[in-house]
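Participant: Here it is: the structure, laid out below.
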Amino acid sequence: MTGRVHVLSKAPDHPRHQRCLTMLGPGDTLVLTATALKRLAHREPLDGVQAGRILALTEAPENLTLPPGCTAITHAAFVEQVLTAHQPVFW
């Protein structure tokens, strides 16, 4: 992995949510957690998001409707992702 892992827990209307999205590059991974998952309910949830990978942290992927380009990730896989990432960024 060449980019950074950005872990976003802020709601879509929070200023740090928008700040995180502007900081993403094509080599980065975006992990949506907690209230940031509300973004998936928007009409075009990933429109303009520049991350190379977009993950939704959930233990119940069957309860989420994921848009194209977004993959569900469990807590165990998330921990592995963060442990192997160089300087993850938590928003």
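Participant: How high is the relative contact order of the chain, in percent, with contacts defined as C-alpha pairs under 8 Å that are six or more residues apart?
Facilitator: In percent, rounded to a whole number, it is 35.
Participant: Another question about this same structure. At 222 nm, what helix-only mean residue ellipticity would the chain give, in deg cm²/dmol to the nearest 500, using -39500 (n - 2.57) for each DSSP H run of four or more?
Facilitator: It comes out at -6000 deg cm²/dmol, rounded to the nearest 500.
Participant: If you don't mind, there's one more thing I want to ask. Dipole of the chain (Lys/Arg Cβ +1, Asp/Glu Cβ -1, origin at the Cα centre): which of Gln87, Thr65, Leu37 lies farthest to the positive side?
Facilitator: Result: Gln87, furthest along the dipole toward the positive end.
Participant: Classify segment 23-91: rounded, prolate or oblate, from the alpha-carbon gyration tensor (a ≥ b ≥ c, eigenvalue square roots; a/c under 1.5 rounded; otherwise prolate if a/b is larger than b/c)?
Facilitator: It comes out oblate by the Cα gyration axes.
Participant: 7 Å from Cα along Cα→Cβ at both Ala72 and Arg43: what's the point-to-point distance in nm?
Facilitator: The two pseudo-label positions are separated by 2.7 nm.
Participant: Sequence-distant or interchain residues sharing an amide H contact under 5 Å with Val7, placed H: which?
Facilitator: Residues meeting the criterion, in which the H sits 1.01 Å from N, are Val31, Val89, Phe90, Trp91.
The numbers here are math on the coordinates, done by the rules we state, and not lab data. Because the structure is predicted, anything quoted here is derived from the model rather than measured. Cβ sites come from the backbone with ideal geometry, for glycine too, and all protein chains shown count toward neighbours.
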